[in-house]
Structure formats: structure tokens, C-alpha cells
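Okay, so here's the structure we're looking at.
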Amino acid sequence: MRKNLTKRLKFWGTRGSCPVSGPEYQHFGGNTACLEVCYDDTHFIIDAGSGIRPLGNQLSYSQDTPIHIFISHTHWDHINGFPFFKPLSNGNQPIIISSPLGSRRSTEDLFHQLLSPEFSPIQFDKIKNRIKFQTIKEKTPIQMGPIVLDFHQTYHTDITLCFKIKTPHEVIGYVTDNEMFRGYCGAIDKIPQELLESHFSLIHFLSECDVLIHEAQYLPQQYEKKINWGHSSLLNTIALIKESQIQQWFVTHHEPEHTDDDLKNLEKNTIEILNQHQIPCKVQWVGDGFIFDLK
């Protein structure tokens, strides 16, 4: 059993698309998506971006305790840390990988290729007896100890699920790749009713959340050039916050071109926009190593 667990979320990777490094990224960090969820004796990981490497370096498990990893989708920034996950080379723990059913190839096939001799010194065939693959489905909850995990498809470039983490005392949404109101570049309060209604299912799914973790990868002027890339503009995410009546919002999955100063300015501007539109939501841009204590 993992030792000294507490009730918390820890962000080990908060960057989108690809890792970054350099002095201009020191505050928020440069690892890609990885979230650790701890609740007493329950422990699991969401996404295996490059942030899973430092997480793996500090894990302490008994040899027969399974490590549970949930994958939202198999784009590089959500799996590129897996070959460097220390338990693969230094341990015998079972590893259970749960992911949505891909539209073309299975997650097992993709991980087999990821750990092929051409790419990795750790080869899939040598560890495959320790790895089990499971499929997670939209609106089909599963129980993890006292936590219930639920899933909903997002607006991304391939089948991608977001997560709703229900503890006995609160609900947290985790949405890293979601192009909310795809193609819309207008004002927050002027979204066409037809477009709004087409997103009601996801809005309703997230409206239960006490805390929402959601990307805002593009500035409005950037988004106009990256429609259909699978990520939200800042204004469209704010519209989601308004419609879902979210009270607390953590921003993650940052654009790799955005430096520490860029992200700090984005946070400041977003607070001003929320205030202007009288949207009662606290917002914070979070970086690698950020910890949120659960109730």
C-alpha cells in the first residue's frame, strides 16, 4: 500500500502539447499533463505526460499493490512520460491503464509501439504480464475506494474523456483538452442559442463541480488561427464557467509558447473579465507541483 497518503490533488505536469524548459518557465514548470489523486488509502494517476516521471521517482508501493493510471486520450503530451515511469524498470507492481476506446487503434497497441526497441530501452514484451488495459466509457462511473469517477466526452480532435472526481464531500472536474464552443470567436454573452444548446450535456455534467480544472490554452487572437486544434479560447472557457456556475477554477494545460509572465498576465486579465461580467468565480493559474487539499 502507498504510504503516508493524504486527501489531495497534486499537479505533476501542467503544460499542454509538449514539454518546455528554460528560465522563463521556472514558476509554472514545463512538464506535460499528469495529476495525482490521493484520498486516504486510495491513489490513482490521471494522464502520463512527462510529469509522471518525477511522480514515479517518489512512489513507494508494496510489490502487489496495483498502480492505476487513467488516460484521457493518447496524444503525445498525455503519454510521453510513461516510458520513464520508474515502476516500469524498478518494481514488479501491476499497472492498470484505463482509457477510452480509440477510434482507430487500441491503447494497448499504441503503448506496445511506444515501448518498442526503436523508441525505448524498456520493451513492452518484457513487462506486458504486469500491465492490464481497461476501457472507460462516457457516463459510466467507476468506484475507486470512496471516490466515484465519472466521464464525459470533450470537444477534441479524437475521442477524449474528461473526468469528474466525486469524493464524499466535494466534486472536482478535470478537463485538459476541450475546444468549448468550437469555432466561436464572439463575446461571452452573445453565444448563439443553437451553439449553446449543443453543449448542454457537457455543461450539465460539469455544473455539479465545486472545483473545475480546465484549460484556456489560447488567447482570442490565437484561437482564430487554431480553430479545430482541440483547445479552448480564454473567452469560451469563461463562457463555460458562467453557464456551469463554477465557483472555483484552476487553469492548467498551458500553451507551450506562454511564459511565466504571459500566464501571470492571463490570470490578472481573467480576473478582470470575470468581474466585468459579474461571474462569481475564483480563478488561479496552476503550475507543476501545485497541491489542492481535498476535504
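The values are calculated or read from the model by the stated rules, or taken from the named source; none is laboratory data. Every value quoted in this text rests on a predicted model; they were computed, and no experiment measured them. A quick note on method: Cβ atoms are made from the backbone with ideal geometry, for glycine too, and the neighbour counts reach across all protein chains shown.
Among the residues of the stretch 94-114, the one identified as buried (at least 16 other Cβ atoms within 10 Å of the Cβ) and at pLDDT below 90 is 102. Scanning the stretch 160-175 for residues that are in a loop (DSSP other than H, G, I, E, B) and β-branched (Val, Ile, Thr) returns 160, 167. None of 177, 150 is acidic (Asp, Glu) and over 12 Å from the mean Cα position of the chain (by Cα) except 150. In the stretch 206-285, counting only strands (runs of 3 or more DSSP E) that sit wholly within it, the ones holding 3 or more residues that are more than 16 Å from residue 178 (Cβ to Cβ) and modelled with pLDDT of 95 or more span 282-285. Of the strands (runs of 3 or more DSSP E) that lie entirely inside the stretch 32-108, those containing 3 or more residues that are under 30 Å from residue 258 (Cβ atoms) span 34-39, 42-46.
For the stretch 125-159, which positions are within 25 Å of residue 88 (Cα to Cα) and either in a loop (DSSP other than H, G, I, E, B) or touching a His at 6+ places or on another chain (Cβ under 6 Å) (or both)? Answer for the stretch 125-159, where residues must be within 25 Å of residue 88 (Cα to Cα) and either in a loop (DSSP other than H, G, I, E, B) or touching a His at 6+ places or on another chain (Cβ under 6 Å) (or both): 136, 145.
Pairs are defined by a Cβ separation below 8 Å, a sequence spacing of at least 6 or placement on different chains, a first member in the stretch 18-33 that is within 19 Å of residue 231 (Cβ to Cβ) and in contact (Cβ under 8 Å) with a residue 60 or more places away in the chain, and a second member that is among the aromatic types (Phe, Trp, Tyr) and surrounded by fewer than 21 Cβ atoms within 10 Å (Cβ to Cβ); the pairs so defined are 18/76. For the subset of the stretch 205-229 comprising residues that are closer than 26 Å to residue 166 by Cα and not aliphatic (A, V, I, L, M), which member is surrounded by the most Cβ atoms within 10 Å (Cβ to Cβ)? Checking each candidate, the answer is 217.
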